[in-house]
Amino acid sequence: MSDLFKTNELSKEELIVIYERISKDYQKETQENAQLKKDIKFYKSEIERLEKLISYFKTNR
């Protein structure tokens with residue numbers, strides 16, 4: 001069984017390439033998540049603003 005693991009070992013260079021790819025993907029996802037959080041905050045504030053407008057027009061008919 002140990003022979004199986006030896007044939008599947010990755011070189012240092014291959015591990016570095018894999019690490020860099022994972023790191024790049026993680027950074028991209030982190031940036032996308034940050035943008036989504038900003039978008040959610042914006043839309044939430046817009047919804048609150050519209051709710052206030054609706055409430056105002058309902059009370060001032």
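May I ask you to verify whether GLU46 is of a type in the set (D, E, K, R) and either at pLDDT below 95 or open to solvent by 100 Å² or more (accessible area, probe 1.4 Å) (or both)? Full working, then the answer.
On the way: of a type in the set (D, E, K, R): yes; either at pLDDT below 95 or open to solvent by 100 Å² or more (accessible area, probe 1.4 Å) (or both): no.
Here the answer is no, as GLU46 does not meet what is asked.
Would you pick out the residues in the range 16-43 that are open to solvent by less than 100 Å² (accessible area, probe 1.4 Å) and under 17 Å from the mean Cα position of the chain (by Cα)? Even if it seems obvious, please write down each step before you answer.
Taking the range 16-43 as the starting set, the residues that turn out to be open to solvent by less than 100 Å² (accessible area, probe 1.4 Å) are 16-18, 23, 25, 30, 32-36, 39.
Listed by number, the residues that qualify are SER23, ASP25, THR30, GLU32, ASN33, ALA34, GLN35, LEU36, ASP39.
The values are calculated or read from the model by the stated rules, or taken from the named source; none is laboratory data. In this text, all values refer to a predicted model and were calculated from it rather than measured experimentally. Heavy atoms of the whole protein, side chains included, go into the accessibility calculation; ligands, DNA and RNA do not. Shrake-Rupley method; radii C 1.70, N 1.55, O 1.52, S 1.80 Å.
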